[in-house]
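Student: Structure provided below as structure tokens; questions to follow.
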Amino acid sequence: MNADAIIIGAGACGLMCAVQAGYLGKKVILLEKNEKPGAKILISGGGRCNYTNQFASAEQFISENPHFIKSSFTQWTVDDTVNFFETYGIQGREKTLGQLFPDEKNAKDVVQMFTSLCDDFGQEIRCNAAVKDIELLPNGFNVRYEKNGKEILLSAQKVVIATGGLPIPKMGATDFALRFARKHNLKIVETAPALVPLTITGKDEEWFAQLSGNSVFCEVSNDEISFEENILFTHWGLSGPAILQISSFWRRGELINLNLLPNQNIALLLYDERKLNGKTLLSTLLNRFYTKKFTDALGKFLPLTKPVAALTGSEIQLIAQTIHEFKVKPAGDKGYDKAEVMRGGIDTSEISSKTLACKKIPNLFFGGECLDVTGWLGGYNFQWAWANGFVIAQNI
């Protein structure tokens, strides 16, 4: 045997698993398809790496079985992540909504921390290693991979598949975990892009395009959930944090609701303005909350040039509906090229929640994004990956 375990994928889950295995005196070999480890870590948070969220719990994850998540988060908590990073010189600074970023450091420092620890523990990271097959043996596994045109065979008693999901193919995303699961008759929950911008086509496309570059604080909702953060208008549709969040819960053909002025009541604002200065134009009032470009675009729907005192009851109702209940029917999404994560994946019924071992294939483990566990935007998916890496390491 070449090692105690072979870890396929040197992303967040794989790197944490290798380090935690090192603490326990276990020798692992990481096989990474890319030229360098931690590809998605390096681009996360605009290169700053939003490495966890202070509020992370099972409540911020989408899965056919939400209870599956709880065991990993009990074994490795947010405090464990914070303490781990602080131990190696990375202090967390909260940005918004519990999101922690490295203070005075960035994503490169995060990856460097893990690779240095792997070196310290003698864990080997082999990059440009494209895994072709995993052969099941009576007492372990053979893993075949290709590097520089040569096929190489490794063997180990245990194997960890932490190859991520389908998003961002140019960063080396692969469907290896899903293909392996199908080959061995493991159930898979239908996959789709998540945390992804939404597209608009048809008669509304021109209206959205003219607002390209405008950002508005908004409550975005559907029948299931709502999020309050910025949205960004683009020439092809909608992006920004609130849109990325709702995209994980959106299904093709469904409407989403944009409350363009959350935490306020536009009708009450209009009535109050009438008392103060009825000559105020509707456009003037709206310009207090939006850019002139955005207000002007609302002129397609609203009587902007009317003084507030001249607005009829039906017009005020129209204004309230437009501002607080702006309905949008996205045509689709920007796909895996622009998605941050994948929804769906290997059905958690196939996996032990306590160990993350595959129930049907002894000594094989799955972790991270390839499982049917999808977190919200804001460091939640990293917390899931770190927790998975820790849990698997305890059992290899």
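The values are calculated or read from the model by the stated rules, or taken from the named source; none is laboratory data. In this text the structure is predicted, and so the values were computed from the model without any measurement. We place every Cβ from the backbone using ideal geometry, glycine too, and count neighbours over all the protein chains shown.
Student: Scan 307, 303, 362 and give me the residue that is in contact with a Lys or Arg (Cβ under 6 Å, 6 or more places away or on another chain), without any contact (Cβ under 8 Å) to a residue 60 or more places away in the chain and farther than 30 Å from residue 97 by Cα. Quick ask: steps written out before the conclusion?
Tutor: Numbers: 303 fails: in contact with a Lys or Arg (Cβ under 6 Å, 6 or more places away or on another chain); 362 fails: in contact with a Lys or Arg (Cβ under 6 Å, 6 or more places away or on another chain).
Just one listed residue meets the conditions, 307.
Student: Among strands (runs of 3 or more DSSP E) lying entirely in segment 250-362, which contain 2 or more residues that are in contact with a Ser or Thr (Cβ under 9 Å, 6 or more places away or on another chain)? Let's see the steps before the verdict.
Tutor: On the way: elements: 256-259, 326-328, 341-346.
The qualifying strands (runs of 3 or more DSSP E) are 256-259, 341-346.
Student: While we're looking at this one, here's another question. Can you pull out every residue in segment 187-203 that is exposed (fewer than 14 other Cβ atoms within 10 Å of the Cβ) and over 30 Å from residue 368 (Cα atoms)?
Tutor: Of everything in segment 187-203, those that are exposed (fewer than 14 other Cβ atoms within 10 Å of the Cβ) and over 30 Å from residue 368 (Cα atoms) turn out to be 201, 202, 203.
Student: Please pick out the residue among 135, 151 that is closer than 21 Å to residue 363 by Cβ, acidic (Asp, Glu), at pLDDT 95 or above and touching a strand residue (DSSP E or B) at 6+ places or on another chain (Cβ under 7 Å).
Tutor: Details: 151 fails: closer than 21 Å to residue 363 by Cβ.
Being closer than 21 Å to residue 363 by Cβ, acidic (Asp, Glu), at pLDDT 95 or above and touching a strand residue (DSSP E or B) at 6+ places or on another chain (Cβ under 7 Å) holds for just one of 135, 151, which is 135.
Student: Considering segment 367-385 alone, what residues qualify as being part of a helix (DSSP H, G or I) and under 12 Å from the mean Cα position of the chain (by Cα)? Break it down into steps so the answer makes sense when it comes.
Tutor: Taking segment 367-385 and keeping what is part of a helix (DSSP H, G or I), we get 368-370, 380-385.
Of everything in segment 367-385, those that are part of a helix (DSSP H, G or I) and under 12 Å from the mean Cα position of the chain (by Cα) turn out to be 368, 369, 380, 381, 382, 383, 384, 385.
Student: Another question about this same structure. Residue 279 fails exactly one of the following numbered conditions: (1) surrounded by 14 or more Cβ atoms within 10 Å (Cβ to Cβ); (2) charged (D, E, K, R); (3) more than 26 Å from residue 208 (Cα to Cα); (4) touching a strand residue (DSSP E or B) at 6+ places or on another chain (Cβ under 8 Å). What is the number of that condition?
Tutor: The one condition residue 279 does not meet is (1).
Student: So the check is Cβ under 6 Å with 6+ separation or different chains; which pairs have a first residue in segment 63-83 that's within 16 Å of residue 345 (Cα to Cα) and a second one that's part of a helix (DSSP H, G or I)?
Tutor: If the second residue must be part of a helix (DSSP H, G or I), the pairs left are 65/348; 66/58; 68/348; 69/58.
Student: Please go through segment 244-274 and give me each residue that is surrounded by 14 or more Cβ atoms within 10 Å (Cβ to Cβ) and within 19 Å of the chain's Cα centre (by Cα), ordered by number.
Tutor: Selection gives 244, 245, 246, 247, 248, 249, 250.
Student: Scan (1) under 19 Å from residue 201 (Cα atoms); (2) touching a residue at least 40 places away in the same chain (Cβ under 8 Å) for the single condition residue 235 breaks and write down its number.
Tutor: Single failed check for residue 235: (2).
Student: What residue, among those in segment 117-165 that are of a type in the set (Ser, Thr, Tyr) and buried (at least 19 other Cβ atoms within 10 Å of the Cβ), is farthest from the chain's Cα centre (by Cα)? Show your work before the answer.
Tutor: In the first step, residues of segment 117-165 are kept if they are of a type in the set (Ser, Thr, Tyr); the result is 145, 155, 163.
Then keep just the ones that are buried (at least 19 other Cβ atoms within 10 Å of the Cβ); that gives 145, 163.
Details: 145: 29, 163: 15 Å.
Filtering first and then ranking leaves 145.
Student: If residue 163 passes every condition in (1) modelled with pLDDT under 95; (2) closer than 20 Å to residue 380 by Cα; (3) hydroxyl-bearing (Ser, Thr, Tyr) but one, which one does it miss?
Tutor: Against the list (1) modelled with pLDDT under 95; (2) closer than 20 Å to residue 380 by Cα; (3) hydroxyl-bearing (Ser, Thr, Tyr), residue 163 comes up short only on (1).
Student: Write out, first by first residue and then by second, each pair whose Cβ atoms fall under 7 Å of each other, whose residues are 6+ apart or on separate chains, and whose first residue, in segment 86-113, is more than 14 Å from residue 44 (Cα to Cα) while the second is assigned to a helix (DSSP H, G or I) and not hydroxyl-bearing (Ser, Thr, Tyr).
Tutor: The qualifying pairs are 88/113; 90/109; 90/110; 90/113; 92/82; 92/85.
Student: Given the conditions (1) more than 17 Å from residue 349 (Cα to Cα); (2) surrounded by fewer than 20 Cβ atoms within 10 Å (Cβ to Cβ); (3) out of contact with any Ser or Thr (no Cβ under 6 Å at 6 or more places or on another chain); (4) touching a residue at least 60 places away in the same chain (Cβ under 8 Å), which single one is not true for residue 184?
Tutor: Checking residue 184 against (1) more than 17 Å from residue 349 (Cα to Cα); (2) surrounded by fewer than 20 Cβ atoms within 10 Å (Cβ to Cβ); (3) out of contact with any Ser or Thr (no Cβ under 6 Å at 6 or more places or on another chain); (4) touching a residue at least 60 places away in the same chain (Cβ under 8 Å), the one that fails is (1).
Student: What tally of residues in segment 214-249 results from selecting those that are touching a Gly at 6+ places or on another chain (Cβ under 6 Å) and part of a helix (DSSP H, G or I)?
Tutor: Looking only at that region, the number is 0.
Student: Here is a further query. Hey, residue 55 hits all of (1) aromatic (Phe, Trp, Tyr); (2) buried (at least 21 other Cβ atoms within 10 Å of the Cβ); (3) farther than 24 Å from residue 166 by Cα but one; which does it fall short on?
Tutor: Among (1) aromatic (Phe, Trp, Tyr); (2) buried (at least 21 other Cβ atoms within 10 Å of the Cβ); (3) farther than 24 Å from residue 166 by Cα, residue 55 violates only (2).
Student: Next question. Take the conditions under 20 Å from residue 345 (Cα atoms) and either surrounded by 15 or more Cβ atoms within 10 Å (Cβ to Cβ) or under 20 Å from the mean Cα position of the chain (by Cα) (or both) and apply them to residue 241. Does it pass?
Tutor: Numbers: under 20 Å from residue 345 (Cα atoms): no; either surrounded by 15 or more Cβ atoms within 10 Å (Cβ to Cβ) or under 20 Å from the mean Cα position of the chain (by Cα) (or both): yes.
Criteria not met by residue 241.
Student: For segment 273-300, name all the residues that are of a type in the set (Val, Ile, Thr) and touching a residue at least 60 places away in the same chain (Cβ under 8 Å). Please lay out each step first, then the result.
Tutor: Step one: list which residues in segment 273-300 are of a type in the set (Val, Ile, Thr), which gives 280, 284, 291, 295.
Answer for segment 273-300, where residues must be of a type in the set (Val, Ile, Thr) and touching a residue at least 60 places away in the same chain (Cβ under 8 Å): just 291.
Student: So the check is Cβ under 8 Å with 6+ separation or different chains; which pairs have a first residue in segment 126-154 that's of a type in the set (Lys, Arg) and a second one that's modelled with pLDDT of 95 or more and not in a strand (DSSP E or B)?
Tutor: Correct list of pairs: 126/32; 147/128; 147/129.
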